Every structure is written in C-alpha cells, then in structure tokens.
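Encoded as structure tokens, the structure appears first; notes follow it.
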Amino acid sequence: MQVPTFVAIRANLVLFALAVALSDAACLLVTVLFGRPDTMSQPAARIAALGGAAALAMLVRRRARRAFDAAESSRQLAWSANGCDEPGIAATCREDWLVQLHIELNRGAAQGKAAAKG
C-alpha cells in the first residue's frame with residue numbers, strides 16, 4: 001500500500017472512532033435519563049449505537065465533500081504545479097477543517113485532481 005492509502009485508512013478509522021464515542025455517549029445519556037443504564041449492554045442498544053455512529057460518520061463525510069467542492073469552486077484551494085502535494089487552503093475558507101478532512105479521507109482522489117489541474 002502507498003502512503004496516501006495509509007493516511008486515508010487512518011483518517012477513516014479516526015472519524016469512525018469519534019462517531020462511535022459520540023454515539024455511545026448519546027445512547028448512555030438517553031438510557032440514564034430513562035433510568036435504565038443497564039440496557040446499554042443489550043445487543044439491540046449496541047447495534048443502535050453502532051448504526052448511529054455509521055450514520056454520523058457518513059453525514060460528516062458528505063458535509064466534508066460539499067465543503068471541499070464549495071472551496072474548490074470558489075477558488076479557495078491552491079493546487080501545486082507537480083500535483084504530488086496536497087492543495088493549500090485559503091485562510092478565508094470558513095470550513096477549512098472539513099476541506100482538510102475531505103483531503104485526508106480521499107488523499108488519492110485529491111492528488112489525481114491536482115495532477116489533472118497542473
């Protein structure tokens with residue numbers, strides 16, 4: 001595997017881990033509010049938490065893709081001439097962290113796009 005593949009795998013794993021943590025916290029909060037924290041160990045609760053985490057990760061990925069497309073169309077990305085480096089993100093970009101997330105998640109696609117532009 002190439003280095004961009006490792007970066008993309010790491011970024012996807014971190015995104016999913018954060019989504020699982022948020023989903024577990026939300027499920028735990030709901031079960032505590034209903035006075036039944038013991039239901040967190042039930043298989044249905046775990047499946048719901050993992051399903052929520054997967055949905056959250058997909059929503060964040062979709063939002064990152066839209067932020068990347070918006071930054072690209074408004075010319076807030078500076079592509080390098082050789083196409084090997086990641087693009088520079090303008091300081092005025094409102095959702096620069098989402099653009100960076102999209103680049104990390106799709107490193108190969110961003111480099112291919114940079115090579116096509118350059």
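The values are calculated or read from the model by the stated rules, or taken from the named source; none is laboratory data. Just so we're clear, the structure is a prediction, and the values are computed from it rather than from any experiment. Don't worry about glycine lacking a Cβ; one is built from the backbone with ideal geometry, like all the others, and counts go over all protein chains shown. These accessible areas exclude ligands, DNA and RNA; they are computed on the full protein's heavy atoms, side chains included. Shrake-Rupley method; radii C 1.70, N 1.55, O 1.52, S 1.80 Å.
Residue pairs whose Cβ atoms lie under 8 Å apart, separated by 6 or more positions or on different chains, with the first residue in the range 70-81 and at pLDDT 85 or above and the second outside any helix (DSSP H, G or I), are Ala70/Glu95; Ala71/Leu77; Ala71/Ile89; Ala71/Ala90; Ala71/Cys93; Ala71/Glu95. Tell me, which residue of the range 49-64 that is surrounded by 15 or more Cβ atoms within 10 Å (Cβ to Cβ) and of a type outside the set (Lys, Arg) is nearest to Val99 (Cα to Cα)? My answer is Ala64. Once the range 65-79 is narrowed to residues that are in contact with a strand residue (DSSP E or B) (Cβ under 8 Å, 6 or more places away or on another chain) and small (Gly, Ala, Ser), the residue that is least open to solvent (accessible area, probe 1.4 Å) is Ala71. Listed conditions (1) open to solvent by 40 Å² or more (accessible area, probe 1.4 Å); (2) modelled with pLDDT of 85 or more; (3) within 27 Å of Leu13 (Cα to Cα) are all met by Thr39, apart from (1).
Under the condition of being farther than 16 Å from Gly51 by Cα, open to solvent by 50 Å² or more (accessible area, probe 1.4 Å) and not in a loop (DSSP other than H, G, I, E, B), the residues counted in the range 17-36 number 3. Here Val14 meets each of (1) open to solvent by less than 40 Å² (accessible area, probe 1.4 Å); (2) part of a helix (DSSP H, G or I) with one exception, condition (1). Out of Arg61, Arg107, one residue alone is under 23 Å from Ile9 (Cβ atoms), at pLDDT below 90 and touching a helix residue (DSSP H, G or I) at 6+ places or on another chain (Cβ under 8 Å). It is Arg107.
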